[in-house]
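S.K.: Sharing a structure here in structure tokens format.
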Amino acid sequence: MEIEVPYIKELRQQLDDKIFKRKLVLWYYYVKGLSQKEITEETEVATSTISDIIKKWNDTGLIEDLPRSGRKKEITKRQEKKIKEIQLKDRAKSAAAIYKEMNVLGNEVSYYQTLRTINAEFMSVYAPYKIKLAPKNKEKRVKWCENALEWRDWKWKSIIWTDEKIFRIEPQHQKLRVKILFDEDPTQFSLPLKQQGGKGLMFFGAISLKGNFFFETIEGKVDSKVFADFLKDLVLPAFNKSHGLAFKFHLDNAPVHKGETRAFLEQSHIETLKCPAQSPDLNPVEQVWLWMAQKLKGLLFHNLEDLKSTVFRLWGEIPDNVIFFYINEIKTKILWVKEHNGELCPDHI
């Protein structure tokens, strides 16, 4: 029996519309995760056309064709100045984003005019994220390190180092491509540390001189109450099982470690090792995160479950000798921080 399709003429026109097809290609590629060959099988669009659509989207963020009628207007000095101002305000902003902003502001410039202006004024470099240390925190870091240098071996063996990390669906990175003026020094340029956007999951990891013995996700919105319950139900039972009662629980100064979390630990008589603020270099778990981020670099996950299974697999693959190296390396870093007046260690700059 033949199915009667309402408005069949209009439907066929919609399916033949090139803008619709381009959107469909991008949806199959980025949302469904299909390969270009698989998209061709689904849409009957040539693979070369699919490649062009994806490249254009990556380069410009555009689906529609740029207008071709008439001779393009020359870009004005005023427009060039505005493009430069926008780029200086946000060094990581793409040419496509600046092009869109210019047109929203009423400056009718093309994407390629925008790109040429940026390339004439700026060069592109990778800039590492950098934490800007407050002077008072440098002083606290020095005092903490002076005290830590007196720790005996038994204390090092009793420490359980912990930290939380959000891994996201988007490609993981530690550096960002930015634009700098030609007379700026690339080695002196950095960006403030900031969180990446997009969907992600928070993971809690714990290591000690017994290896990477505990790893779990913390679901939903996390505050000090949620974190305290997480410690009570999952973390501390695992710590007691692996280390007995003789352990020191390392915590940084994250907001979720205060309030109800602090009250719960005090009531439970859990001895904590509090690290000074702005001290990721003095926590070996941070090095584990960097190790994992390198393995995840450039990967795009289709959903949170895919991300979760991959991150758990990576945690299980970390060799014990790597864990032991990171923990023992903290002793060297403590001495370095003390001798350099509380500055951040080079591998965290």
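S.K.: Look at the range 88-123 and say how many of its residues are closer than 16 Å to Thr60 by Cα and in a helix (DSSP H, G or I).
M.R.: So the count comes out to 19.
S.K.: Same structure, new question: Leu344 - would you say it is modelled with pLDDT under 90, farther than 25 Å from Gly244 by Cβ and not in a helix (DSSP H, G or I)? Spell out the reasoning first.
M.R.: Details: modelled with pLDDT under 90: yes; farther than 25 Å from Gly244 by Cβ: yes; not in a helix (DSSP H, G or I): yes.
Taking the combined requirement at face value, the residue satisfies it.
S.K.: Looking at the range 328-341, which of its residues are surrounded by 14 or more Cβ atoms within 10 Å (Cβ to Cβ) and either outside the structural domain of Leu300 (by TED's automatic domain parsing) or not in a helix (DSSP H, G or I) (or both)?
M.R.: Result: His340, single match.
S.K.: Additional query: How many of the residues making up the range 273-286 are crowded, with 16+ Cβ neighbours inside 10 Å and not in a loop (DSSP other than H, G, I, E, B)? Let's see the steps before the verdict.
M.R.: Looking only at the range 273-286, we keep the residues that are crowded, with 16+ Cβ neighbours inside 10 Å, and these are 273, 275-276, 278-286.
Cutting the leftovers down to not in a loop (DSSP other than H, G, I, E, B) gives us 273, 280-282, 284-286.
Count: 7.
S.K.: Determine, yes or no, whether Phe325 is farther than 22 Å from Asn212 by Cα and either out of contact with any helix residue (DSSP H, G or I) (no Cβ under 9 Å at 6 or more places or on another chain) or in a helix (DSSP H, G or I) (or both).
M.R.: Spelling it out, it is not the case that Phe325 is farther than 22 Å from Asn212 by Cα and either out of contact with any helix residue (DSSP H, G or I) (no Cβ under 9 Å at 6 or more places or on another chain) or in a helix (DSSP H, G or I) (or both).
S.K.: Starting from the range 336-349, take each residue that is under 15 Å from Asn283 (Cβ atoms) and list its partners that are modelled with pLDDT of 85 or more and part of a helix (DSSP H, G or I), counting only C-beta distances under 6 angstrom and pairs at least six apart or across chains.
M.R.: From the range 336-349, the pairs are Val337/Arg141; Val337/Cys145; Leu344/Asp281; Cys345/Asp281; Cys345/Lys333; Cys345/Trp336; His348/Pro280; His348/Asp281.
S.K.: Report the residue count in the range 247-274 for those that are of a type outside the set (D, E, K, R) and over 30 Å from Leu307 (Cα atoms).
M.R.: Kept after step one, since they are of a type outside the set (D, E, K, R), are these residues of the range 247-274: 247, 249-251, 253-257, 259, 261, 263-265, 267-270, 272-273.
Narrowing further to those that are over 30 Å from Leu307 (Cα atoms): 247, 259, 263-265, 267-270, 272-273.
Qualifying residue count, the range 247-274: 11.
S.K.: For the range 243-258, how many residues meet the condition of being assigned to a helix (DSSP H, G or I) and loosely packed, with under 15 Cβ neighbours inside 10 Å?
M.R.: Residues flagged as assigned to a helix (DSSP H, G or I) and loosely packed, with under 15 Cβ neighbours inside 10 Å within the range 243-258 amount to 1.
S.K.: Taking the conditions exactly as written (within 18 Å of the chain's Cα centre (by Cα), surrounded by 17 or more Cβ atoms within 10 Å (Cβ to Cβ), in the same structural domain as Asn341 (by TED's automatic domain parsing) and in contact (Cβ under 8 Å) with a residue 60 or more places away in the chain), does Leu296 satisfy them or not?
M.R.: Working: within 18 Å of the chain's Cα centre (by Cα): yes; surrounded by 17 or more Cβ atoms within 10 Å (Cβ to Cβ): yes; in the same structural domain as Asn341 (by TED's automatic domain parsing): yes; in contact (Cβ under 8 Å) with a residue 60 or more places away in the chain: yes.
Yes.
S.K.: Just one of the numbered conditions (1) at pLDDT 85 or above; (2) assigned to a helix (DSSP H, G or I) is not true of Ile75; which one?
M.R.: (2)
S.K.: For the range 13-62, give me every one of the helices (runs of 4 or more DSSP H) that falls completely inside it and has 1 or more residues that are at pLDDT 85 or above, surrounded by 14 or more Cβ atoms within 10 Å (Cβ to Cβ) and in the same structural domain as Asp306 (by TED's automatic domain parsing). If you could, list the steps in order and put the result at the bottom.
M.R.: Working: elements: 18-26, 36-43, 47-60.
Filter on the range 13-62 gives an empty set.
S.K.: Just one of (1) among the charged types (D, E, K, R); (2) farther than 27 Å from Leu307 by Cβ; (3) at pLDDT 90 or above trips up Asp183, so point out which.
M.R.: (3)
S.K.: Can Ala263 be described as assigned to a helix (DSSP H, G or I), over 23 Å from the mean Cα position of the chain (by Cα) and touching a residue at least 24 places away in the same chain (Cβ under 8 Å)?
M.R.: Details: assigned to a helix (DSSP H, G or I): yes; over 23 Å from the mean Cα position of the chain (by Cα): yes; touching a residue at least 24 places away in the same chain (Cβ under 8 Å): yes.
When the stated conditions are applied, Ala263 passes them.
The values are calculated or read from the model by the stated rules, or taken from the named source; none is laboratory data. Here the structure is a predicted model, which means the values were calculated and not measured. Methodologically, a virtual Cβ is constructed for each residue, glycine included, from the backbone with ideal geometry; neighbour enumeration extends over all protein chains shown.
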